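Colleague: First, the structure itself, so that you have it in front of you.
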């Protein structure tokens, strides 16, 4: 089974990397770019569990290991 | 308009970070985890262009700046 976990900075948290990218793009002439925020995506392959178990396992894993829940939100998608 | 760009290592390229995560998870007792590959996701806000123009601009931007197309693939989604 394949799953994806998205980890993003919470909306109030400053994202210097995203800010740098959006400024670079604007200075390169891409004026349409208003903002960029960078996050992480984990493509995970899972074996031997059903969809529900996979989802709850990935939520546990994400909050323990993949995301820093003080400043980041995560989203689990079983594909 | 909101868009998302996913940047992932090409399938043949070694992903040491993903490997480290999957080994950590397995050693923590999450045996169901077969593999983890880590990528980047960019949440981009765009103004003043239509959907088609936004998509072609983001493809250009991704191949020029966001992704290293020698080792990475990217995917643009206008939301």
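Since every read-out is calculated from the coordinates, none of them should be taken as a lab result. Remember, it's a predicted structure, so these values are computed and weren't measured experimentally. Methodologically, a virtual Cβ is constructed for each residue, glycine included, from the backbone with ideal geometry; neighbour enumeration extends over all protein chains shown.
Colleague: Output the residue which, of all residues in the range A:33-52 that are farther than 21 Å from residue B:7 by Cα and surrounded by 14 or more Cβ atoms within 10 Å (Cβ to Cβ), is farthest from the chain's Cα centre (by Cα).
Modeller: A:49
Colleague: Do we have residue B:22 as surrounded by 14 or more Cβ atoms within 10 Å (Cβ to Cβ) and touching a helix residue (DSSP H, G or I) at 6+ places or on another chain (Cβ under 7 Å) here?
Modeller: Values: surrounded by 14 or more Cβ atoms within 10 Å (Cβ to Cβ): yes; touching a helix residue (DSSP H, G or I) at 6+ places or on another chain (Cβ under 7 Å): no.
For residue B:22, the condition - surrounded by 14 or more Cβ atoms within 10 Å (Cβ to Cβ) and touching a helix residue (DSSP H, G or I) at 6+ places or on another chain (Cβ under 7 Å) - is not met.
Colleague: Right, something else. What strands (runs of 3 or more DSSP E), lying completely within chain B, carry at least 1 residues that are touching a residue at least 24 places away in the same chain (Cβ under 8 Å) and within 9 Å of chain A (Cβ to nearest Cβ)?
Modeller: Answer list for chain B: B:2-9, B:33-46.
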